[in-house]
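The values are calculated or read from the model by the stated rules, or taken from the named source; none is laboratory data. The structure displayed is predicted, hence computed values, not measured ones. Don't worry about glycine lacking a Cβ; one is built from the backbone with ideal geometry, like all the others, and counts go over all protein chains shown.
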Amino acid sequence: MKQLYIYMMNTIILMLMIIMMMMISVAFSTLFERKILSYMHYRKGPNKVSMWGLLQPFSDAMKLMSKEFFFPKVSNYNFYYISPMIMLILIMMLWLIYPFKMNLYNWNLNSMYMLCLMSMGVYGLMIAGWSSNSCFSMLGGMRSIAQSISYEVIFSITFLLNLLMINSLSLNMLFIYQKYTWLLILMWPTSMLLLMSMLAELNRTPFDLSEGESELVSGFNIEYSSHGFVLIFLSEYSSIMFMMFIFNLMYMGSNLFSLMFYFSLMMLIFFIFWTRITLPRIRYDLLMYFCWIYLLPIILILFMYFIMFKSLIEILFFM
C-alpha cells in the first residue's frame, strides 16, 4: 500500500511538472516565433524587455490578463466561457502520455488514448464559433471543423500505419524499433503526408484558412479577449509543440534521454514557424480538394504497399 501511494504521488508530481514546463515552453515559443519572423523581415523583433527581449512573453501575458473581460450581449454565455477551458484541458491531457517511467498514462494503448483526445479537440472549436453568435466566428468555426475532420482522416491512417509496422499500439515500442535507424528513412512518403496533415490540424500556414485576416478577421476566436484569448493561445501553441513531439517520436528516433531528440524537436518547431513566412495561404476549396482527391488516395495506396511489404518480410524471415 505504501509503495502504491509513493507511485501515485510521483505520477502526480511528474504530471504537474509536464503541465508547468509546457506552459513555460509555450511562452518562449511565442518569442522564438517572433524572433524568426523579425529576422526574416530584416528587423530585430522584441528586444526592449530584459536582455534580448527574454521577458517579453511574460509582459504580454500580464497585459492580456489585465484586460477587461467582456462578452457579446447575444452570446450563449456559459458555452462561450467554457470553450477555451475545454481546448486547453484537452491539450493538457494529451501531454500526459509523455513516456516517463512512472506515468499512469504510460500504458500499452496510449496511442488510442491520444487519437480519442485529438478527435475531441474539434468540440472546442465548434462551441467557440457557435456560442459567440457572430457570423465571422461561426464561419471561422465551420471552416476549422471541416478542415480538422478532413485532415484528421489522413493523420489517423498514417498514424495507424506506423503502429501497424511496429506491431504495437504503444508509442513506447518506437524506442526499440528506431534503435539503429529512423523510420523517416524507411517511410519518408508517409512522414511527409503526416507533416502536411499536422499543419492542417494546427491551422498553420499554408492551411490557416480558418484565421484568414482578409475575410474572417481571426476566425472562430474573434470575440475573445483577456483570459479567454490567453487560453486559446496557449492551447494553439502547445498543440504545435505536441504535434512536433509526436512526429519526432515516430520518425526521428525516440531516445528521450539524448539531447539530439530535443534538438530535432526544436528544428521541427522552427520549420513550422518558417512555413508561416515562406508559403502563401491557399484557397479553401483547393484545400479540401487537396485532402480528398489527392492525399487520401495516396495514403491508401501507401497503406497497401507497406502492408504488402511487411507481410513479405515476415514470410521471408520468419517462416
Quick one: LEU139 ticks every box in (1) on the phi < 0 side of the Ramachandran plot; (2) out of contact with any Leu (no Cβ under 9 Å at 6 or more places or on another chain) except a single one, so which number is it?
(2)
So which of ASN110, ASN76, ASN47 ends up being polar (S, T, N, Q) and without any contact (Cβ under 8 Å) to a residue 24 or more places away in the chain?
ASN47
From the options MET243, MET267, residue that is in contact with a Leu (Cβ under 7 Å, 6 or more places away or on another chain) and modelled with pLDDT of 90 or more:
MET243
Residues in the range 63-80 that are modelled with pLDDT of 85 or more and within 25 Å of the chain's Cα centre (by Cα) total 2
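One line per residue, one yes/no per condition, for (1) touching an Asp or Glu at 6+ places or on another chain (Cβ under 9 Å); (2) part of a helix (DSSP H, G or I):
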residue	(1), (2)
LEU94	no, yes
TRP107	no, no
LEU117	no, yes
ILE127	no, yes
PHE136	yes, yes
LEU139	yes, yes
ILE157	no, yes
LEU164	no, yes
Pairs needed: first member in the range 289-316, more than 16 Å from ASN162 (Cβ to Cβ); second member anywhere, of a type in the set (Ser, Thr, Tyr); C-beta distance under 6 Å; at least 6 residues apart or different chains.
CYS291/SER150; CYS291/TYR151
Would you be able to say whether some residue in the range 22-37 is without any contact (Cβ under 8 Å) to a residue 40 or more places away in the chain, out of contact with any Lys or Arg (no Cβ under 7 Å at 6 or more places or on another chain) and small (Gly, Ala, Ser)?
yes
Keeping to the range 156-209, report how many residues are under 30 Å from ALA128 (Cβ atoms) and within 16 Å of the chain's Cα centre (by Cα).
19
Anything in the range 57-77 that is in a helix (DSSP H, G or I), surrounded by 14 or more Cβ atoms within 10 Å (Cβ to Cβ) and not aliphatic (A, V, I, L, M)? List them, or say none.
PRO57, PHE58, SER59, ASP60
From TYR80, TYR123, which residue is touching a Ser or Thr at 6+ places or on another chain (Cβ under 6 Å), hydroxyl-bearing (Ser, Thr, Tyr), in a helix (DSSP H, G or I) and farther than 30 Å from SER258 by Cα?
TYR80
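To keep it simple, each residue is scored yes or no on (1) touching a Leu at 6+ places or on another chain (Cβ under 8 Å); (2) of a type in the set (Gly, Ala, Ser); (3) at pLDDT 85 or above.
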residue	(1), (2), (3)
GLU152	no, no, yes
LEU164	no, no, yes
LEU171	yes, no, no
LEU174	yes, no, no
ILE185	no, no, yes
MET192	no, no, yes
MET198	no, no, yes
ARG204	no, no, no
